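Since the structure comes first, as structure tokens, the remarks are kept for the end.
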Amino acid sequence: MDYKVFEAIPTKVFGKDKKPTFEDSSCSLYRFTTIPNQDSQLGKENKLCSPSRYADALFKSSDIKSASLEDLWENLSLKPANSPHVNISAILSPQVINEVWQEETIGRLLQLVDLPLLDSLLKQQEAVPKVPQSKRQSDMVNSSNYLDRGILKAYSDSQEDEWLSAATDCLEYLPDQMVVEISRSFPEQPDRTELVKELLFDAIGRYYSTREPLLNHLSDVHNGIAELLVNGKTEIALEATQLLLKLLDFQNREEFRRLLYFMAVAANPSEFKLQKESDNRMVVKRIFSKAIVDNKNLSKGKTDLLVLFLMDHQKDVFKIPGTLHKIVSVKLMAIQNGRDPNRDAGYIYCQRIDQRDYSNNMQKTTKDELLNLLKTIDEDSKLSAKEKKKLLGQFYKCHPDIFIEHFGD
């Protein structure tokens, strides 16, 4: 609508013209715009275009080396890849690659999860994640704090304990002051691992009880995944979760991976007992739930179900679905070779057929429906002879070939 490819059909509300804004509803009507004068220039961005002219402009080839996906699409050619006009840089920029991953991930997510509104996904698509430096690289720490972290890491490595290793990895994201407190509170006898584990668990639990939820993006998707779990669609819920986590920025994704791994290890009933009268699994869920999801639109039961599902499948939720990986690879190759990236790549929402098959199917289906209509008129016992003769006469006038095929000469 912004580029006048199509426009809203004006409607009146209480006798006044309604402002033409796009509404995705069954009561909103739109039409393609026409070109009053092809030679006139109303400004490059506001020029009225037919769909075909818009496509020509969108995929017009040029010699510009593009940095973003939108720029590449503008420079694409609909001609075969061996056309001399195609001149796309052989190496795609990280921005283009990130945008393709983002677009295809969201596309698949829309297939799996029924969302009432697309606002959250559209906002997510606008913010293409950049790969940041790690927290410890970006935050300058003094030598004393660095030493405390090093001592804790060295202790963990010396114990060969999966629980301690997972907990120490989480300390990477704790503030320096908390790490110093942990180091200063360390028991004098390092072999008392139970005291060390209690100290680490309390510190990590304290930090994440006040931290902003790691999955605070795409809250509508939380509901969709929880609904899939309630209905027993575990495989679909797993793929949707993988796509949701793929949309996390690099640092939050890595932090969440470490936390979820620690939660899964700590929840093991054979591991260190976190609370005497409670199951480890329930203690972990209760302490860390709000650090993962704090969605007011999600019931407590569904929140618990989602958190436990993430813990149980922590080894799989960070994997990239094979189908998504294949589609992104094909699409990037198409962009690199100067072809339309949506022609042979992407998720298919309908069966694709060529023009000849479409024409044949259209003619056959129309003919079959006309024969059914004629048969219905002829066999309708409720019609009087006069009404039936009138309808058959009208049918013969419009479709004599179908009439003769059914009744003969």
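The values are calculated or read from the model by the stated rules, or taken from the named source; none is laboratory data. Not measured: the values here are computed from a predicted model. Cβ coordinates were reconstructed from backbone atoms using ideal geometry, including for glycine residues, and neighbour counts include every protein chain displayed. Note: accessible area is taken over every heavy atom of the protein model, side chains too, but ligands, DNA and RNA are not part of it. Shrake-Rupley method; radii C 1.70, N 1.55, O 1.52, S 1.80 Å.
For the reader, a short list of remarks on this structure follows.
- Subset of region 147-200 (residues that are at pLDDT below 80 and closer than 19 Å to residue 261 by Cα): 152, 153, 156, 157, 159, 160
- Pairs linking a residue in region 107-123 that is closer than 22 Å to residue 231 by Cβ to a residue that is modelled with pLDDT under 60 and open to solvent by 60 Å² or more (accessible area, probe 1.4 Å), with Cβ atoms under 8 Å and 6 or more positions apart or on different chains, are 110/118.
- One residue from 205, 232 being in a loop (DSSP other than H, G, I, E, B), at pLDDT 90 or above and not hydroxyl-bearing (Ser, Thr, Tyr): 232
- Which listed residue, of 181, 160, 188, 194, is open to solvent by 40 Å² or more (accessible area, probe 1.4 Å), touching a residue at least 40 places away in the same chain (Cβ under 8 Å), under 29 Å from residue 273 (Cβ atoms) and not hydrophobic (A, V, I, L, M, F, W, C): 194
- Qualifying residue in region 278-293 (condition: in a loop (DSSP other than H, G, I, E, B), farther than 22 Å from residue 217 by Cβ and open to solvent by 10 Å² or more (accessible area, probe 1.4 Å)): yes
- Filtering region 304-329 to residues that are touching a helix residue (DSSP H, G or I) at 6+ places or on another chain (Cβ under 7 Å) and open to solvent by 20 Å² or more (accessible area, probe 1.4 Å) leaves 304, 305, 308, 313, 314, 316, 318, 319, 320, 327.
- Cβ pairs under 8 Å, 6+ apart, first in region 259-277 and open to solvent by 30 Å² or more (accessible area, probe 1.4 Å), second part of a loop (DSSP other than H, G, I, E, B): 261/314; 269/279
- Residue satisfying all of: in region 365-393; among the hydrophobic types (A, V, I, L, M, F, W, C) and open to solvent by 70 Å² or more (accessible area, probe 1.4 Å); farthest from residue 403 (Cα to Cα) among these: 385
- Taking the numbered list (1) open to solvent by less than 30 Å² (accessible area, probe 1.4 Å); (2) outside any loop (DSSP other than H, G, I, E, B); (3) modelled with pLDDT under 90 in turn, residue 215 passes all entries but (2).
- Some residue of region 170-190 being over 29 Å from residue 241 (Cβ atoms) and among the aromatic types (Phe, Trp, Tyr): yes
- Residue in region 257-271 that is modelled with pLDDT under 90, of a type in the set (D, E, K, R) and under 22 Å from residue 200 (Cβ atoms) present: yes
- No other residue among 306, 274, 310, 238 is assigned by the TED database to the domain that holds residue 200, of a type in the set (A, V, I, L, M, F, W, C), under 29 Å from residue 200 (Cα atoms) and in contact with a His (Cβ under 7 Å, 6 or more places away or on another chain) apart from 306.
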